[in-house]
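The values are calculated or read from the model by the stated rules, or taken from the named source; none is laboratory data. Every value quoted in this text rests on a predicted model; they were computed, and no experiment measured them. With ideal geometry, Cβ positions are generated from the backbone for all residues, glycine too; neighbour counts draw on all protein chains shown. Quick note on the areas: whole protein, heavy atoms, side chains included, nothing else; ligands and nucleic acids left out. Shrake-Rupley method; radii C 1.70, N 1.55, O 1.52, S 1.80 Å.
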There are 2 protein chains.
Amino acid sequence: MPSSRSLSHDLGISRNTVVSAYDQLLAEGWLSARQGSGTWVAEGRAFDSVVDALTETGRHNDLIYDMSPGTPDLSGFPRAAWMAAAKRAITDAPDTRLGYGDPRGTLELRLALAEYLGRTRGVVASEDRVVICSGAVQGLFLSLRTLAEFGIDTVAVESACFDISRQQIDRADMDLVPLSVDHDGVRVDQLIRSRAQVVLLTPAHQFPWGVPLSAERRGQVIRWAQATGGMIIEDDYDGEFRYDRRPIGALQGLAPDHVIYQGSASKALAPGIRIGWMVLPEPMVKAITALRQTIDLHTGVFEQLALAEFIRAGAYDRHIRKARLRYRNRRDQLAAMLDEHAPHVGISGIAAGLHALLTLPGDLTIERDTLARARDVGLSLAGLSRFRCEPKDSDQGGLVVGYGATPNHSFPAALNLLRRILPARVAGA
Amino acid sequence: MPSSRSLSHDLGISRNTVVSAYDQLLAEGWLSARQGSGTWVAEGRAFDSVVDALTETGRHNDLIYDMSPGTPDLSGFPRAAWMAAAKRAITDAPDTRLGYGDPRGTLELRLALAEYLGRTRGVVASEDRVVICSGAVQGLFLSLRTLAEFGIDTVAVESACFDISRQQIDRADMDLVPLSVDHDGVRVDQLIRSRAQVVLLTPAHQFPWGVPLSAERRGQVIRWAQATGGMIIEDDYDGEFRYDRRPIGALQGLAPDHVIYQGSASKALAPGIRIGWMVLPEPMVKAITALRQTIDLHTGVFEQLALAEFIRAGAYDRHIRKARLRYRNRRDQLAAMLDEHAPHVGISGIAAGLHALLTLPGDLTIERDTLARARDVGLSLAGLSRFRCEPKDSDQGGLVVGYGATPNHSFPAALNLLRRILPARVAGA
């Protein structure tokens with residue numbers, strides 16, 4: 001079992017509460033404590049039995065297992081390395097840096113990201129095209145409003161995509177054109193026939209289906225942009241986490257003047273840090289910077305300098321290598337569980353990222369029932385239909401299962417709950 | 001002289017550069033070094049003579065003395081105390097806090113601010129009315145956009161005010177009604193006769209004139225809001241720094257349901273931190289929070305938790321007490337210099353804040369010429385006309401002199417430069 005200290009961190013409760021819970025479980029014989037070597041699940045009390053005990057009585061003390069997509073394992077946040085970087089930022093930043101700063105972000109962070117994104121994602125970036133923002137959500141907000149000021153009123157999106165992106169397009173009073181996605185990624189032919197001047201894509205790992213955009217389609221969409229003056233917004237939300245050997249670089253590297261590249265530290269480090277970045281076509285830099293200044297000037301300086309130092313010191317690379325191994329292992333466990341217990345449930349999009357798409361044997365009714373069972377047992381999950389644009393182009397049921405969010409020690413229990421709430425094989429299917 | 005380490009911090013240059021500059025000044029006899037007790041201005045070489053030497057040759061190596069309003073002394077930023085608070089935040093934050101968080105801000109910071117603002121500014125605040133934002137600029141952005149969604153299209157402002165506030169009203173496509181300011185503060189009778197539904201005020205210390213809003217006018221504007229359903233946006237940008245014995249509390253305390261109260265850590269700590277706060281009428285909380293979520297979700301969590309800890313530990317109060325003494329002393333030096341060398345230049349607004357308004361003996365031509373001389377000697381200053389609404393209601397020349405920004409060790413030199421660029425007494429005046 002995890003130490004009481006780390007479990008109290010994971011769950012956000014006081015350590016005393018954890019200690020008394022452990023005492024109770026020790027007293028009931030579920031756990032055994034060995035002097036100096038921590039707390040262990042008692043012999044003959046396999047972890048599954050504990051989960052059985054919990055789930056038989058429904059939600060236990062409102063404990064929620066989080067398998068929603070989009071959040072990394074926060075228990076793996078590299079606190080010591082981040083602390084060292086933050087300390088250096090707070091100690092060494094020249095006084096002038098504590099004043100009103102460059103709305104594009106600090107030079108240190110723009111330089112660090114230009115190097116990092118070039119090396120790891122194939123992004124063509126000089127620091128004067130990099131603009132720091134407060135998370136990818138703000139990046140998209142700034143991009144959409146700036147494009148609206150340029151007279152753009154229609155944005156194409158993948159027919160299932162992040163719901164917050166759709167809300168932002170809506171808030172910006174722009175029309176939305178949904179494009180189908182197949183096994184080669186988004187259908188660029190539909191884009192070409194549409195009246196959209198901008199397309200928002202997740203080329204490395206389509207959200208939520210998980211397919212990468214094929215080489216042919218990449219060529220098509222770049223040619224569309226070049227021929228029409230169209231703009232591609234590339235949301236590279238989890239590009240760092242790729243598990244097969246085939247590297248999928250950023251689309252931006254193929255046509256830097258036609259792509260607004262967006263990324264953030266939310267998946268690689270933690271969403272709470274609220275740092276994102278954009279790599280922009282040159283004409284966009286000035287307009288986006290001007291808008292940023294009227295909204296909130298710039299992102300907090302200490303956080304920016306800490307991240308720059310964290311990248312410079314190699315801690316970002318080290319953390320991502322470590323996290324990648326952890327997530328890959330979880331993905332394998334998820335796939336093995338489905339293979340063994342639910343071969344009638346399809347799984348896709350598992351070559352990268354922090355989530356998999358599970359296709360259910362049936363329609364939206366099955367999806368709704370499955371989500372209701374998940375709620376009953378305290379498992380937080382997202383249904384595929386939440387991410388589909390209206391009108392929905394299919395009523396195939398699905399689950400978007402995030403294997404990032406759960407802390408290591410409770411991942412087996414979360415997986416077990418998932419197994420239990422999946423629908424049974426349909427008779428005759 | 002300051003240590004080479006602190007001077008390199010202040011100026012944002014490397015310590016080697018400072019050390020070689022000191023060596024040069026030692027070699028030329030301007031400075032003398034005493035083993036173990038630092039570097040001193042050489043006997044017989046008064047600081048004024050050094051300034052004379054610099055200013056006789058105009059700008060020296062592009063060295064800029066900053067007397068622009070709105071920035072605190074960044075060399076006084078309490079690094080050690082902030083470091084301790086940041087360390088505690090990074091070490092102790094439960095993992096769950098590193099994820100996507102409450103768009104209103106962390107509970108810790110909202111609680112700390114509700115207590116602090118109640119105690120020091122008379123703000124009536126419970127934590128569920130406090131919303132954290134990324135600086136006061138974002139607060140105003142969120143307020144204006146939300147009010148626009150409620151159908152409000154006209155905002156009254158003081159006829160001279162922060163230029164960025166005017167830009168934001170403009171960006172929000174709202175009409176602007178300027179209101180005159182006299183020795184009792186803003187002319188509420190003009191507001192009552194206008195068609196404005198919202199008024200943006202700086203009641204504690206009008207920017208840039210520096211007068212507080214009188215008790216009678218406070219009553220008038222509150223009655224206007226209550227009778228018409230109007231809304232007051234109270235920008236309490238430097239309310240902590242009051243030098244006379246008369247406390248001027250926030251307007252918000254008189255009518256919490258009619259005032260959007262806004263403040264930030266930019267003047268008390270440093271603008272680079274980018275943390276501000278709003279205390280809102282209950283119906284505004286939900287709408288502003290919803291808008292915040294589509295813009296950028298929330299402010300960085302570590303900074304929020306660090307500031308909460310900084311306030312909780314009493315470091316915020318201690319820092320403000322210390323800074324208040326420092327600024328009061330500078331204000332006294334500024335007033336004494338004017339009294340002695342430029343009695344024909346008026347000074348006002350000095351009971352509070354980080355700036356004074358200097359009225360020049362003449363019109364905008366005099367102001368323009370004075371600013372040109374300031375630029376020539378490397379003194380950064382703002383002219384009053386920059387803050388006036390169009391059409392300008394007066395052509396009285398003025399300077400808005402910030403005595404906060406300059407580090408302690410160069411304040412005498414900055415003051416000396418200011419003395420030199422002030423216009424001479426007009427013949428016959």
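Candidates are the residues of segment B:105-146 that are under 24 Å from the mean Cα position of the chain (by Cα) and in a loop (DSSP other than H, G, I, E, B); the one that is farthest from A:R15 (Cα to Cα) is B:G122.
Every residue in segment B:84-98 that is part of a loop (DSSP other than H, G, I, E, B) and touching a Gly at 6+ places or on another chain (Cβ under 6 Å), please. Lay out the reasoning, then the answer.
Residues of segment B:84-98 that are part of a loop (DSSP other than H, G, I, E, B), as a first pass: B:93-94.
Matches in segment B:84-98: B:P94 only.
Summed over segment B:65-77, residues that are more than 9 Å from chain A (Cβ to nearest Cβ) and part of a strand (DSSP E or B) total 1.
Of all residues in segment A:275-289, those satisfying the criterion of being touching a residue at least 24 places away in the same chain (Cβ under 8 Å) and open to solvent by 10 Å² or more (accessible area, probe 1.4 Å) are A:E282, A:V285, A:A287, A:T289.
Taking the condition under 16 Å from B:L109 (Cα atoms), facing another protein chain (nearest Cβ under 7 Å) and open to solvent by 10 Å² or more (accessible area, probe 1.4 Å), does B:E309 pass? Steps first, answer last, please.
Details: under 16 Å from B:L109 (Cα atoms): yes; facing another protein chain (nearest Cβ under 7 Å): no; open to solvent by 10 Å² or more (accessible area, probe 1.4 Å): yes.
Considered against the rule, which asks whether it is under 16 Å from B:L109 (Cα atoms), facing another protein chain (nearest Cβ under 7 Å) and open to solvent by 10 Å² or more (accessible area, probe 1.4 Å), B:E309 comes out as no.
Would you check which residues across segment A:264-301 are more than 7 Å from chain B (Cβ to nearest Cβ) and part of a helix (DSSP H, G or I) and list them? Matches in segment A:264-301: A:E282, A:P283, A:M284, A:V285, A:K286, A:A287, A:I288, A:T289, A:A290, A:L291, A:R292, A:Q293. One residue stands out in segment A:119-137 among those that are over 15 Å from A:A265 (Cα atoms) and open to solvent by 30 Å² or more (accessible area, probe 1.4 Å): the one that is nearest to the other protein chains (Cβ to nearest Cβ), namely A:E127.
I'd like to know if segment B:288-302 contains one or more residues that are farther than 21 Å from A:R292 by Cα and touching a Ser or Thr at 6+ places or on another chain (Cβ under 9 Å). Lay out the reasoning, then the answer.
Restricting attention to segment B:288-302, the residues satisfying the condition of being farther than 21 Å from A:R292 by Cα are B:302.
Adding the requirement that they be touching a Ser or Thr at 6+ places or on another chain (Cβ under 9 Å) leaves none.
No, every residue in segment B:288-302 fails to be farther than 21 Å from A:R292 by Cα and touching a Ser or Thr at 6+ places or on another chain (Cβ under 9 Å).
Taking A:Q220 as the residue in question, decide whether it is at negative phi and in a helix (DSSP H, G or I). In short, yes.
Hey, among B:D175, B:D102, B:D163, which residue is within 14 Å of another protein chain (Cβ to nearest Cβ) and under 22 Å from B:Q190 (Cβ atoms)? Can you show your working first?
Numbers: B:D175 fails: within 14 Å of another protein chain (Cβ to nearest Cβ); B:D102 fails: under 22 Å from B:Q190 (Cβ atoms).
B:D163 is the lone residue from the list that is within 14 Å of another protein chain (Cβ to nearest Cβ) and under 22 Å from B:Q190 (Cβ atoms).
Check A:A89, A:A80, A:A114 and return the single one that is of a type outside the set (D, E, K, R), within 12 Å of another protein chain (Cβ to nearest Cβ) and crowded, with 19+ Cβ neighbours inside 10 Å. Please lay out each step first, then the result.
Numbers: A:A80 fails: crowded, with 19+ Cβ neighbours inside 10 Å; A:A114 fails: within 12 Å of another protein chain (Cβ to nearest Cβ).
On inspection, the qualifying residue turns out to be A:A89.
Residues of segment A:5-24 that are open to solvent by 60 Å² or more (accessible area, probe 1.4 Å) and of a type in the set (D, E, K, R): A:R5, A:R15, A:D23. Considering only residues that are of a type outside the set (A, V, I, L, M, F, W, C) and assigned to a loop (DSSP other than H, G, I, E, B), look in segment B:163-187 and name the one that is least open to solvent (accessible area, probe 1.4 Å). So the residue we want is B:S180.
Yes or no, residue by residue, for (1) open to solvent by 30 Å² or more (accessible area, probe 1.4 Å); (2) at pLDDT 95 or above; (3) hydroxyl-bearing (S, T, Y):
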| residue | (1), (2), (3) |
| --- | --- |
| B:L338 | no, yes, no |
| B:H344 | yes, yes, no |
| B:D369 | yes, yes, no |
| B:A374 | no, yes, no |
| B:L379 | no, yes, no |
| B:F387 | no, yes, no |
| B:K392 | yes, no, no |
| B:G402 | no, yes, no |
| B:G428 | yes, no, no |
